């Protein structure tokens, strides 16, 4: 991240609300249309960085993101992080460069 959560309430700084997850000890974000609860299964020290591998334990999604079978539709609402290019991506496009989009929030109290 751009700032440490030790000294800054990151949720307050960006106007978001943390809510308790059902299966993991990590917050969900109330304002997001979907959240995934993930558990760490492996970590690999690769020298220059650590690769973390996890398991999705539970998905919370608003109804409009689900198909007729109740499965999550992977459409334009899905945002991912591409660690190779350090970009946030939606299907077919780069949305923002990672670690740049949050700079406007970095100095907020």
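Quick notes on this one:
- In the chain, one over the average inverse separation of all distinct C-alpha pairs is 16.2 Å, which is the Kirkwood hydrodynamic radius.
- Additional length obtainable on full extension of the chain from residue 81 to residue 60, 0.36 nm per residue less Cα span: 5.7 nm
- Arranged from fewest to most other beta-carbon atoms within 10 Å of their beta carbon, 31, 68 become 68, 31.
- Extension gain, residue 10-residue 36: 0.36 nm per intervening residue step, less the Cα-Cα distance, totals 7.5 nm.
- Separation of the residue 73 and residue 51 label points, Cα + 7 Å toward Cβ, nm: 3.4 nm
- Semi-axis lengths (Å, descending) of the ellipsoid that matches the C-alpha gyration tensor of region 1-64: 23, 19, 10
- Residue exposure proxy: 53, 59, ordered by other Cβ atoms within 10 angstrom of their Cβ from fewest to most, comes out as 53, 59.
Read-outs: derived from the displayed coordinates by stated rules, not from any lab. Being a predicted model, the structure only gives us computed values, none of them experimental. Heads up, the Cβs are rebuilt from the backbone with ideal geometry, glycines too, and the neighbour counts pull from every protein chain shown.
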